[in-house]
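Here's the structure, in structure tokens; my notes come after.
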Amino acid sequence: MSQRIYQVDAFTDTVFAGNPAAVMPLDIWLPDGTLQDLAAENNLAETAFFVPEGQEGYRLRWFTPTTEVDLCGHATLASAYVIMSILRPGTERVEFATQVAGNLTVTRRGDLYTLDFPARPPERPAEDQDAVRADLAAALGGPVPSDLLTARDYMVVYDDAASIASLKPDMGALSRLDRGVLVTAPGSDVDFVSRFFAPHHGIPEDPVTGSTHCTLAPYWAERLGKTELSARQLSARGGQLWCELRGDRVMISGKAILYMEGTVYL
């Protein structure tokens, strides 16, 4: 049995940048164990699998090397790229049904892809702020942050981009937390910057994380008093995103480029 596979660099227009995702179009679902084994073998932050559903839609799932996740931005962008550029060239809109995040639409205008994702505004955590901030500062290998909020992940806020860029995280300490850690700060040439760590999901540092911008966009929109925002993720590979808050939805836009395609034999 053979399956096509594509590797796409998302949130960039040059290879060796952005966030690489594996994309595997399927005719029917393979067993969950096989999907997880494929994601582990690919050893990328996420592998996306989709099957046709309805007349023109698809059902989409995402797996890290160790687990299935409820939402992934860069692998959704990569999947849309494969459909719109390779499988159905010229298509300008695709809709994905998902298990937890509902229906996700991706539209294309030129070389820019826009994800229509649910907003996930952060909240003030119930834990003792000072104690958690100190623990997170130690795990991140940086100063005590100016603020701490939570959504799906811890959201750690710093005063400037330099504080984020200089972090030297202890992945062992971060892996013992019950959620990922998102760090963010105001940018200089963009509205805000971020980094994201999720070693407990097999992702030490994610190069560019679309799903965290479901939380970042509402936060920065309120703080900066604007709904259209530019963003950069300060990983080694780096990535550029544009966000727009529309009520309870976040439009997350970025580019993508094909790095590799091939065949997997099972």
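The values are calculated or read from the model by the stated rules, or taken from the named source; none is laboratory data. Everything numeric in this text was worked out from a predicted model, so none of it was measured. Backbone-built Cβ (ideal geometry, glycine too); neighbour counts: all protein chains shown. What goes into the accessible areas is simple: the full protein's heavy atoms, side chains included, and nothing from ligands, DNA or RNA. Shrake-Rupley method; radii C 1.70, N 1.55, O 1.52, S 1.80 Å.
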- Among Tyr219, Tyr259, Tyr265, the single one that is at pLDDT 95 or above and closer than 19 Å to Phe11 by Cα is Tyr259
- With respect to Val8, determine if the residue is of a type outside the set (Ser, Thr, Tyr), under 15 Å from Glu261 (Cβ atoms) and part of a loop (DSSP other than H, G, I, E, B). no
- Go through segment 16-70 and give me each residue that's charged (D, E, K, R), in a loop (DSSP other than H, G, I, E, B) and closer than 19 Å to Thr263 by Cβ. Asp27
- Note on the structure: Over segment 13-26, the set of residues out of contact with any Ser or Thr (no Cβ under 8 Å at 6 or more places or on another chain) and crowded, with 23+ Cβ neighbours inside 10 Å is Pro20
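From Ser188, Ser253, which residue is outside any strand (DSSP E or B), polar (S, T, N, Q) and over 27 Å from Ala131 (Cα atoms)?
On the way: Ser253 fails: outside any strand (DSSP E or B).
After ruling out the rest, the residue left standing is Ser188.
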- Query: Quick check: is even one residue across segment 158-166 under 22 Å from the mean Cα position of the chain (by Cα), under 24 Å from Ala236 (Cα atoms), touching a residue at least 60 places away in the same chain (Cβ under 8 Å) and open to solvent by 40 Å² or more (accessible area, probe 1.4 Å)?
  - Reply: yes
- Identify the single condition in (1) within 18 Å of Asn19 (Cβ to Cβ); (2) surrounded by fewer than 17 Cβ atoms within 10 Å (Cβ to Cβ) that Arg179 does not satisfy, given that it satisfies every other one. (1)
- Note on the structure: Looking across segment 167-185 at residues that are within 28 Å of Lys226 (Cα to Cα) and not in a loop (DSSP other than H, G, I, E, B), the single one that is farthest from the chain's Cα centre (by Cα) is Ala185
- Note on the structure: Of the residues in segment 214-241 that are out of contact with any Lys or Arg (no Cβ under 9 Å at 6 or more places or on another chain), part of a strand (DSSP E or B) and in contact (Cβ under 8 Å) with a residue 40 or more places away in the chain, the one that is least open to solvent (accessible area, probe 1.4 Å) is Ala231
- Filtered residues of segment 48-66 (kept if open to solvent by less than 40 Å² (accessible area, probe 1.4 Å) and under 17 Å from Leu38 (Cβ atoms)): Ala48, Phe49, Phe50, Val51, Leu60, Arg61, Trp62, Phe63, Thr64, Pro65
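Yes or no: Leu245 under 18 Å from Ala45 (Cβ atoms), in a strand (DSSP E or B) and touching a residue at least 60 places away in the same chain (Cβ under 8 Å)?
No; evaluated as a whole, the condition is false for this residue.
So which residues in segment 191-208 are open to solvent by less than 10 Å² (accessible area, probe 1.4 Å) and either more than 22 Å from Val69 (Cα to Cα) or assigned to a loop (DSSP other than H, G, I, E, B) (or both)? Can you show your working first?
Just the residues of segment 191-208 that are open to solvent by less than 10 Å² (accessible area, probe 1.4 Å), to begin with: 192-194, 197-198, 206, 208.
Of everything in segment 191-208, those that are open to solvent by less than 10 Å² (accessible area, probe 1.4 Å) and either more than 22 Å from Val69 (Cα to Cα) or assigned to a loop (DSSP other than H, G, I, E, B) (or both) turn out to be Phe192, Val193, Asp206, Val208.
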- Query: Name the pairs whose Cβ atoms lie under 9 Å apart, with the first residue in segment 129-147 and among the β-branched types (Val, Ile, Thr), the second in a helix (DSSP H, G or I), and 6 or more positions between them or separate chains?
  - Reply: Val144/Asp130; Val144/Arg133; Val144/Ala134; Val144/Leu136; Val144/Ala137
